[in-house]
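Novice: Let me begin by handing over the structure; questions about it come next.
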Amino acid sequence: MPKMPATSIVASTLLTIITSTSPGYGQDSKAPPLVNQINNGNWLSQSEAEAMRDELYYQRAVQVYMSMLPALNTIGMRDGSEAMFGKGYNVLPIWKQRMDARTWVPTPNADVIYSMSYLDLKETGPLVVAAPPNVIGMFTDFFQRTLTDVGAVGPDRARGGLYLLLPWIMRAKFRRATSRSSRRPTTCSCSSAPLWRRVTTGRIRNPQ
């Protein structure tokens, strides 16, 4: 008889032990309480099982739609802005008038003047953004999650300042390099996904 490798013998022994000691639920075995609680201990019929699976897929589709809706809104605004005013980290369109219901922007305020731009740190690398004084703004990702406020409620406290925007992969290196410094610039670490910059103010003007 050919000799079997030791590892095969051990594996076979373990399989035999596990198989012989694992509990089985045959016709004479009592079903677990949870199974008895659901559907009286019976398996669902084929039609019911397919209906539940279809409902599961439907609910997943709804969740995907809801979770992606903020990003799709931002992508639509970016595409429209780039088609009208051009693309680039140095492009900052400024509204001439206050927004109303005709503007295709989600949840705008009607009492301020907006400016918006869209930054892609994967394409440009780190960026330094100069914020003017007396503004109210923010940096968000494309899911409209705020990364940091700018201006009156931001770290510059409406005095204006420089904001260093870093790709996510550079965050650890930057922290190590500035760990010994007593004064660190305001940083905004985000993923390689695009960044949305929004500034609202009644005092900002178009640059000459």
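Every number in this text was worked out from the coordinates using simple rules, so none of it is lab data. Only a predicted model underlies this, so the values are computations on that prediction, with no experimental measurement involved. Note that each Cβ is placed from the backbone with ideal geometry, even for glycine, and that neighbours are counted across all protein chains shown.
Novice: On full extension of the chain, what length is gained from residue 34 through residue 49, given 0.36 nm per residue of separation minus the C-alpha to C-alpha distance?
Specialist: 3.6 nm
Novice: Please sort 140-147, 58-65, 122-129 by packing, taking for each peptide the average over its residues of neighbouring beta carbons within 10 angstrom, highest first.
Specialist: Descending packing order for the listed peptides: 140-147, 122-129, 58-65.
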